[in-house]
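Colleague: Quick one: the structure is below, and I'll ask about it shortly.
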Amino acid sequence: MMGPAHSLSGAAAWLGVGAAAGAAGHPMPWPVLVVGALICAGAALAPDLDHKSATISRAFGPLSRALCGVIDSLSHAVYQATRKAGDPRRTGGHRTLTHTWVWAVLIGAGASVLAVTGGRWAVLGLLFVHMVLAVEGLLWRMARVSSDVLVWLLGATSAWILAEILNKPGNGSDWLFTGDGQEYLWLGLPIVLGALVHDIGDALTVSGCPILWPIPIGRKRWYPIGPPKIMRFRAGSWVELKVLMPAFMLLGGAGGLGALGFL
């Protein structure tokens, strides 16, 4: 799928988790609901770090473009080293390593460790990166016509304000994980969810997505998971724009209302 649809699906997924958490007796404070939805929207763009033309490659200028090149090469190397006889030969790494459950768990766990051990500036850094990506994904029309600097300033300002709100007692820095030193441990959860939602979205397209790697399926280790081909669509098609994106908006709205106790 395209970046805006990925971000919308990420935000909707976290809002749905908020509704489920409330029903399960672990209600989210509203700052956790808002921050988590924005992080998840941003994280839903991150698996495309292996694609030099993706939205994320433009998000941080030369730095993100260079990083995309590195991740593409790394993903291709991992593909080549682990492919089975049934896996086709490839010249690039798009939709390989970064589109697997292993990658989603690793980046989420890494973010949680960084948030817990790195203190305030680590939390601000994580928020800044994902706020910028959320702006690029959710407000993509505005982001395309504005300068990168304005997007970065909006991301930095949002990160600072949201970090201040979360840090106030009862606002959610210790949501779900309440032990000493576990503040912000939950920040990795929307990152994992965003990556997985991205993978599921790509699995609906004609190419499928190797979410289950490294679990072999038949003669392939990089098996492109997806529904029957008749149910798949091309990225950017009318199905994505006219059906899925409105559906994500409706589901996200319902999830948010449920999480806040209005449903």
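Colleague: State which residue is least open to solvent (accessible area, probe 1.4 Å) when the search covers only segment 102-160 and only residues that are aromatic (Phe, Trp, Tyr) and closer than 17 Å to His198 by Cβ.
Modeller: In this case the residue turns out to be Trp103.
Colleague: Another one. If Gly226 satisfies all but one of (1) in contact with a Ser or Thr (Cβ under 6 Å, 6 or more places away or on another chain); (2) open to solvent by less than 70 Å² (accessible area, probe 1.4 Å), what's the number of the condition it fails?
Modeller: Every condition holds for Gly226 apart from (1).
Colleague: Which of the residues that make up segment 173-197 are in contact (Cβ under 8 Å) with a residue 24 or more places away in the chain and part of a loop (DSSP other than H, G, I, E, B)? Show your work before the answer.
Modeller: Restricting attention to segment 173-197, the residues satisfying the condition of being in contact (Cβ under 8 Å) with a residue 24 or more places away in the chain are 175-176, 181-197.
Hits for segment 173-197 are Trp175, Leu176, Gly181, Gln182, Glu183, Tyr184.
This table checks each residue for (1) in a helix (DSSP H, G or I); (2) more than 21 Å from Gly170 (Cβ to Cβ); (3) at pLDDT 95 or above.
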| site | (1), (2), (3) |
| --- | --- |
| Trp14 | yes, no, yes |
| Val17 | yes, no, yes |
| Gly22 | yes, no, no |
| Val34 | yes, no, yes |
| Ala41 | yes, yes, yes |
| Leu49 | yes, yes, no |
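Colleague: Among the residues of segment 90-115, write down those that are over 27 Å from Leu154 (Cβ atoms) and assigned to a helix (DSSP H, G or I).
Modeller: Answer for segment 90-115, where residues must be over 27 Å from Leu154 (Cβ atoms) and assigned to a helix (DSSP H, G or I): Leu97, His99, Trp101, Val102, Trp103, Val105, Leu106, Ala109, Val113.
Colleague: Can you tell me which of Pro210, Pro246 is surrounded by fewer than 12 Cβ atoms within 10 Å (Cβ to Cβ), under 20 Å from Val197 (Cβ atoms) and either within 21 Å of the chain's Cα centre (by Cα) or free of Cβ contacts under 8 Å to residues at least 40 places away in the same chain (or both)?
Modeller: Going through Pro210, Pro246 in turn, just one is surrounded by fewer than 12 Cβ atoms within 10 Å (Cβ to Cβ), under 20 Å from Val197 (Cβ atoms) and either within 21 Å of the chain's Cα centre (by Cα) or free of Cβ contacts under 8 Å to residues at least 40 places away in the same chain (or both): Pro246.
Colleague: Within segment 57-66, identify whether any single residue is closer than 22 Å to Ala235 by Cβ, in a loop (DSSP other than H, G, I, E, B) and touching a residue at least 60 places away in the same chain (Cβ under 8 Å), and answer yes or no. Give the steps one after another, and end with the answer.
Modeller: Let us first name the residues in segment 57-66 that are closer than 22 Å to Ala235 by Cβ, namely 57-59, 64-65.
Narrowing further to those that are in a loop (DSSP other than H, G, I, E, B): none.
The answer is no, given that none of the residues of segment 57-66 is closer than 22 Å to Ala235 by Cβ, in a loop (DSSP other than H, G, I, E, B) and touching a residue at least 60 places away in the same chain (Cβ under 8 Å).
Results for (1) under 29 Å from Ala21 (Cβ atoms); (2) surrounded by fewer than 19 Cβ atoms within 10 Å (Cβ to Cβ); (3) in contact with a Cys (Cβ under 8 Å, 6 or more places away or on another chain), shown as yes or no for each residue.
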{"site": "Leu176", "(1), (2), (3)": "yes, yes, no"}
{"site": "Met231", "(1), (2), (3)": "no, yes, no"}
{"site": "Trp238", "(1), (2), (3)": "no, yes, no"}
{"site": "Gly255", "(1), (2), (3)": "yes, no, no"}
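The values are calculated or read from the model by the stated rules, or taken from the named source; none is laboratory data. Fair warning: this is a prediction, and the values are worked out from it, not measured in the lab. No Cβ is skipped: glycine too gets one built from the backbone with ideal geometry, and neighbour counts run over all protein chains shown. These area figures cover heavy atoms from the full protein model, side chains too; ligands, DNA and RNA do not enter into them. Shrake-Rupley method; radii C 1.70, N 1.55, O 1.52, S 1.80 Å.
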